[in-house]
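Report on one structure; see the data block that follows.
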Amino acid sequence: MSQNAAAHEYDVVVAGAGPTGLVLAIDLGRRGVRTLLVEKDPTTKEWPKMDRSNARTMEIFRRLGLADEVRGLGYPAEASMDVLVVSSLAEQPLTVLEYATVAEHRTAIAASRDGSEPLEPYQLVSQNDLEPLLRSVAETTPGVDVRFGCEVLDFSQDEDGVTVSLGGAGGGAVRAGYLVGCDGGVSTVRKKLGIPLSGRGGIGELVQVTFNSEELYERIPIGKGRHYYFADERGAGFVVQGSRRQFSLNLRTKPDEPDLDLETEIRSRVGFDVDLRVVNSRRWKMHLLLADRYRDGRVFIAGDAAHLVIPTGGLGMNTGVGDANDLAWKLAGTIHGWGGPELLDSYEIERRAVGVRNVEASGWAAEGMFLWQSEWRPEISEDTPEGAEVRRKLAAAAQEHHRRVYEMVGVELGYSYAGSPLVVTEDDDPRAWDTITYTPTGRPGTRLPHVWLSDGRAVQDALGADYALLDLTGEADTAVVEAAFARLGAPLDVLRSDEPDARKVYGASFVLVRPDLHIVWRGDDLGGVADLAPRATGRDRQAVSAGSIDALAGGR
């Protein structure tokens, strides 16, 4: 740590304590980074907002030791994950999209040996349940100072750090090495930097109403599911939250439309008498927007501050957690002195490319939902040949198109940082990412696929929080590589084990892995690998073209 850095009150100030900011603060604190996390609201979110932590996010939570606690707050492993398209909860569904439960997915993961499965299945958990857990972890993480009711008002930066002006509880001016804006779609940090959002904003407006009912879930007579979509003129969607005692209903509306009678809207779709209590409601707009830049000097943006997507496909919070997972170790490496200039440069290059693809994928998933909803006609409720035909066409369209919302494992697991200055990109790397299908690979830039080791451990569990060299022959001399990282002060672990299954999945005997479990290099000969230490740590300065970000974002 430099003398100037030591004089700072904090190494990093994180603005915004949603999931992105909380995960970033926790990870930074565990890496020995003095962190101040501020949140303008007095407490965590009171409404569900997101409901799905995807498989990659659950792997990240597992790395933080939180996966089991997150699952304890959410949807039970044996509960139905089916999605039903209905007229009401009292009438037989028009069609059902069937999906494996978390328990069934776990069984598939346990049996898998080809790298095609994630280490963790996804988990349905409401944001208003997730955030208090993450807050409690952040507040008990050494080196992390958490202040709710406190917000960033302004900031200025120079070559040595950032001076941040805070308002509210614990306000005043603080000095830090870096500032990260995780402060949502109306980000103060992004606006102060003058970074525009590009894309399509205000695509549609909806109202979300959250309500509690102790008996509704158990009394649904037409089959249990996680989501119920209503074939009606408002494109209504009904989400069963993790407790199965709280629910949210989203309805399309218009800016100039009078307020709806929300309890009536709920009851008309339930279709039978049930006790319920409306908790809250809010209007929200659909956006497909991406920040033109993710960084300005010592100031970064992440999460919704950097990208706004339609909730279909669950790419909002999950993309933000991915941002945090990428940025935390790079900030830590820079602050601890072993990271070179390209380490932080690579954040925007890598994560904005993911943002490009995920905004696109979110729009693609939403289009799938709109395609079947456009088949709705008023005659759908009629007991006539015309009504039957409308129901048939809508059900067929939902089976074909609505699966886009739930079947994007290629987006979740298959993204790549090939082309990053930290990665030894292979000459024949295809660069294109598939939205639907995930094909496990050991290509540099990709997430290290999950495999089971011969001792029964998952390879991800066998790796620590630092760089790792996988010797899958179990007998190589790695001393030169270890010495190269040691000279830079960069932490490197070596995993030695004769693993034929892993060699087959990764396509190599040796794999160099970053702290975020993305692959730097693979090969069958360690000759020259010691020379990769500067590349992996951001010290191998090369010109990065303006097209690097676009080159990272391949087509579907």
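The values are calculated or read from the model by the stated rules, or taken from the named source; none is laboratory data. From a predicted model like this one, the values you see are computed outputs, not experimental measurements. Note that we place each Cβ from the backbone using ideal geometry, even for glycine, and neighbour counts take in every protein chain shown.
Some observations on this one:
- Subset of the range 148-164 that is of a type in the set (D, E, K, R) and surrounded by fewer than 17 Cβ atoms within 10 Å (Cβ to Cβ) - its residue that is nearest to A176 (Cα to Cα): D160
- Test result for S156, free of Cβ contacts under 8 Å to residues at least 40 places away in the same chain and part of a strand (DSSP E or B): yes
- Residue selection: T334 fails the criterion of being closer than 30 Å to S87 by Cβ and polar (S, T, N, Q).
- Residue among R252, R234, R269, R244 that is basic (K, R) and in a strand (DSSP E or B): R252
- Of all residues in the range 422-448, those satisfying the criterion of being within 26 Å of E348 (Cβ to Cβ) and modelled with pLDDT of 95 or more are L422, V423, V424, Y438, T441, G442, R443, P444, G445, T446, R447, L448.
- Residues that are surrounded by 16 or more Cβ atoms within 10 Å (Cβ to Cβ) and more than 14 Å from the chain's Cα centre (by Cα) are absent from the range 309-320 altogether.
- The number of residues in the range 457-473 that are hydrophobic (A, V, I, L, M, F, W, C) and either in a loop (DSSP other than H, G, I, E, B) or within 21 Å of A111 (Cβ to Cβ) (or both) comes to 6.
- Near pairs, Cβ below 9 angstrom, 6+ apart or cross-chain, from the range 294-306 (in the same structural domain as G184 (by TED's automatic domain parsing) and surrounded by fewer than 24 Cβ atoms within 10 Å (Cβ to Cβ)) to any residue that is of a type in the set (D, E) and modelled with pLDDT of 95 or more: R295/D345; R295/E348; G297/D158; G297/E159; R298/D158; R298/E159; R298/D160
- Candidate set from the range 252-288 (those that are in contact with a Lys or Arg (Cβ under 7 Å, 6 or more places away or on another chain) and among the aliphatic types (A, V, I, L, M)); member that is nearest to L89 (Cα to Cα): V274
- Filter pass, G271 being touching a residue at least 40 places away in the same chain (Cβ under 8 Å), under 29 Å from A397 (Cβ atoms) and either out of contact with any strand residue (DSSP E or B) (no Cβ under 8 Å at 6 or more places or on another chain) or among the charged types (D, E, K, R) (or both): yes
- Selection status of D345, of a type outside the set (G, A, S) and at pLDDT below 95: no
- Selection count where residues are assigned to a helix (DSSP H, G or I) and either without any contact (Cβ under 8 Å) to a residue 24 or more places away in the chain or among the acidic types (D, E) (or both), scope the range 379-395: 9
- Residue identified as touching a residue at least 60 places away in the same chain (Cβ under 8 Å), crowded, with 24+ Cβ neighbours inside 10 Å and within 25 Å of L289 (Cβ to Cβ) among A398, A361: A361
- Flag if A77 is of a type in the set (A, V, I, L, M, F, W, C) and over 23 Å from the mean Cα position of the chain (by Cα): no
- Wholly enclosed helices (runs of 4 or more DSSP H) of the range 474-556 bearing at least 3 residues among the hydrophobic types (A, V, I, L, M, F, W, C), in contact with a strand residue (DSSP E or B) (Cβ under 9 Å, 6 or more places away or on another chain) and at pLDDT 95 or above: 479-488
- Selection from the range 236-287 of residues that are under 30 Å from I195 (Cβ atoms) and buried (at least 20 other Cβ atoms within 10 Å of the Cβ): M286, H287
- The conditions of being surrounded by 20 or more Cβ atoms within 10 Å (Cβ to Cβ) and not assigned by TED's automatic domain parsing to the domain that holds I301 are met by V209.
- Some residue of the range 179-189 being polar (S, T, N, Q), in a loop (DSSP other than H, G, I, E, B), exposed (fewer than 15 other Cβ atoms within 10 Å of the Cβ) and under 24 Å from the mean Cα position of the chain (by Cα): no
- T437 vs. criteria in the same structural domain as R535 (by TED's automatic domain parsing) and closer than 30 Å to F230 by Cα: yes
- Any hit, the range 180-194, residues being touching a Ser or Thr at 6+ places or on another chain (Cβ under 6 Å), closer than 30 Å to E9 by Cβ and at pLDDT 95 or above: yes
- Among the residues of the range 1-51, those identified as at pLDDT 95 or above and either polar (S, T, N, Q) or within 30 Å of V83 (Cα to Cα) (or both) are G18, P19, T20, V23, T35, T43, T44.
- Residues satisfying the stated conditions in the range 400-426, i.e. over 18 Å from L124 (Cβ atoms) and aromatic (F, W, Y): Y415, Y417
- Single residue of V411, V424, V459 found to be buried (at least 16 other Cβ atoms within 10 Å of the Cβ) and closer than 18 Å to T537 by Cβ: V424
- Flag if G201 is within 24 Å of the chain's Cα centre (by Cα), in contact (Cβ under 8 Å) with a residue 60 or more places away in the chain and exposed (fewer than 15 other Cβ atoms within 10 Å of the Cβ): yes
- Residues in the range 498-519 that are surrounded by fewer than 17 Cβ atoms within 10 Å (Cβ to Cβ) and either touching a Gly at 6+ places or on another chain (Cβ under 6 Å) or under 21 Å from G339 (Cβ atoms) (or both): D498, G507.
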